[in-house]
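The values are calculated or read from the model by the stated rules, or taken from the named source; none is laboratory data. Keep in mind that this is a model prediction, so the values were computed, not measured. In this analysis, Cβ positions are derived from the backbone assuming ideal geometry, glycine residues included, and neighbour counts consider all displayed protein chains. Please note that ligands, DNA and RNA were not included when accessible areas were found on the heavy atoms of the full protein model with its side chains. Shrake-Rupley method; radii C 1.70, N 1.55, O 1.52, S 1.80 Å.
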Amino acid sequence: MDLSMYPHALAMSAKEFIEWSTNVMDDLVRATGVKKALDKVSDPLMNWGVRNSMYPLHFGIACCALEMAACSGPRFDNERLGLVFRSSPRQCDVLLVNGWVTKKLRPGLRRLYEEMPEPKWVIAMGECAISGGPWYDSYNVVQGVDEFIPVDVYIPGCPPRPEALIDGFLKLHLKIKGQGIGKFMED
Amino acid sequence: MSESTNYTVEQVKSRIAEAFPTAVKFVKKEKPRRLFMTADKGSLFELCKLLKDQLGFEHCSLVCGVDRIDRFQCVYHISSIANKIVAEIVVDLPKDKPEIDSVTPLWEGANWHERETYDMFGFIFVGHPKLERILLPEDVTFFPLRKDFQVGGI
Ligand code: SF4
């Protein structure tokens, strides 16, 4: 804790004072163990909230999108897991790439990814999104989305069944659990 | 609507044979409400004009290419919703200079069909308002549906 400035607190500019007091608070919270205690509460709470309200982007590219549609229908009903398909990337947590990505789509998809707010994850669904699939030697298909977007979960299959898609989201739950995104302050 | 609603396939055939005695040949293929013909590339535009303005063919359903190794073919499906007839026109194009008149001035809907055909086969549609790549990125230098294009050769 930097107490050297302490007696001069009244002579500081507003900006200096804010910086100084923030540091004091920070150090105090860390030193007294309050941060640890708060983390114990906020981390699981936030994590639970994020896991149970993952909003994938409603962006169907190819035939795998039909499985995505089946998954959101009444039989598989992904809303019971908190997966609600949203139409705007600004409201989404998960980019679900379901189908082949042509070279013309590549910049657009990258832009959609950049438009999503943090924290965000990417799921590659189907052979095409993973590695090009049946279009492994095509002149116009990007050989896997992980060439230009970091992918968290791969769901293999051509197409994967809706159960597999749900399983992929559950795998993403495990990943989020380990990420500690609900920490009270930066470590 | 003009009197064009009542043409039968036979009437359309005779009108075309009257206007283009040599340039247009009918293919011996019988199907109800279908009309098959081959045309010279020079007379294609005039033929389409006749079909549209006088015979009531108001819709261009398809333009596509075929690579026959020794020559190219450009295929048009022109349909008449009023007469309930679909006319198929096949035009032979030479391999070294595949140029043909655009039918976009007649049917606006042919615009993207012709662009796609250019994209895949490299046919030059003379008079097309915007002959550019449509499905492939702009910097591509090959025409993928030609037979001499090697799959996986990129
Ligand atoms: S993986 Fe199979 S089902 Fe999925 S988009 Fe590719 S071809 Fe279609």
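Results, tabulated for the structure shown:
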| item | result |
| --- | --- |
| Residues of region A:145-163 satisfying the condition of being open to solvent by 30 Å² or more (accessible area, probe 1.4 Å), within 16 Å of the ligand (Cβ to nearest atom) and under 20 Å from A:ASP93 (Cβ atoms) | A:ASP146, A:TYR154 |
| Per-region count, region A:98-125, residues within 14 Å of chain B (Cβ to nearest Cβ) and assigned to a strand (DSSP E or B) | 1 |
| Flag for A:ALA31 being in contact (Cβ under 8 Å) with a residue 24 or more places away in the chain, away from the ligand (no atom under 16 Å from the Cβ) and open to solvent by 40 Å² or more (accessible area, probe 1.4 Å) | yes |
| Residue in region A:57-69 that is over 25 Å from A:LEU174 (Cβ atoms) and more than 16 Å from the ligand (Cβ to nearest atom) present | no |
| Selection within region B:138-152 - open to solvent by less than 60 Å² (accessible area, probe 1.4 Å) and more than 9 Å from every other protein chain (Cβ to nearest Cβ) | B:PHE143, B:ARG146 |
| Strands (runs of 3 or more DSSP E) contained in region B:29-88 and holding at least 3 residues hydroxyl-bearing (Ser, Thr, Tyr) and either open to solvent by less than 10 Å² (accessible area, probe 1.4 Å) or without any contact (Cβ under 8 Å) to a residue 40 or more places away in the chain (or both) | B:72-80 |
| Subset tally (residues that are within 16 Å of the ligand (Cβ to nearest atom) and basic (Lys, Arg)) for region A:107-123 | 0 |
| In region B:99-137, the residues that are open to solvent by 70 Å² or more (accessible area, probe 1.4 Å), away from every other protein chain (no Cβ under 14 Å) and either without any contact (Cβ under 8 Å) to a residue 24 or more places away in the chain or not hydrophobic (A, V, I, L, M, F, W, C) (or both) | B:PRO105, B:GLU108, B:TRP112, B:PRO129, B:LYS130 |
| Qualifying residue in region A:33-51 (condition: among the polar types (S, T, N, Q) and not assigned by TED's automatic domain parsing to the domain that holds A:GLU127) | yes |
| The lone exception for B:ASP96 - which of (1) in contact with a strand residue (DSSP E or B) (Cβ under 7 Å, 6 or more places away or on another chain); (2) away from every other protein chain (no Cβ under 14 Å); (3) not hydroxyl-bearing (Ser, Thr, Tyr) it fails | (1) |
| Close pairs from region A:127-153: first within 12 Å of chain B (Cβ to nearest Cβ), partner part of a helix (DSSP H, G or I) and away from the ligand (no atom under 14 Å from the Cβ), Cβ under 8 Å, at least 6 apart | A:VAL142/A:ARG106 |
| Hits in region A:80-102 (condition: more than 16 Å from the ligand (Cβ to nearest atom) and open to solvent by 30 Å² or more (accessible area, probe 1.4 Å)) | A:ARG80, A:LEU81, A:VAL84, A:PHE85, A:ARG86, A:SER87, A:SER88, A:ARG90, A:GLN91, A:ASP93 |
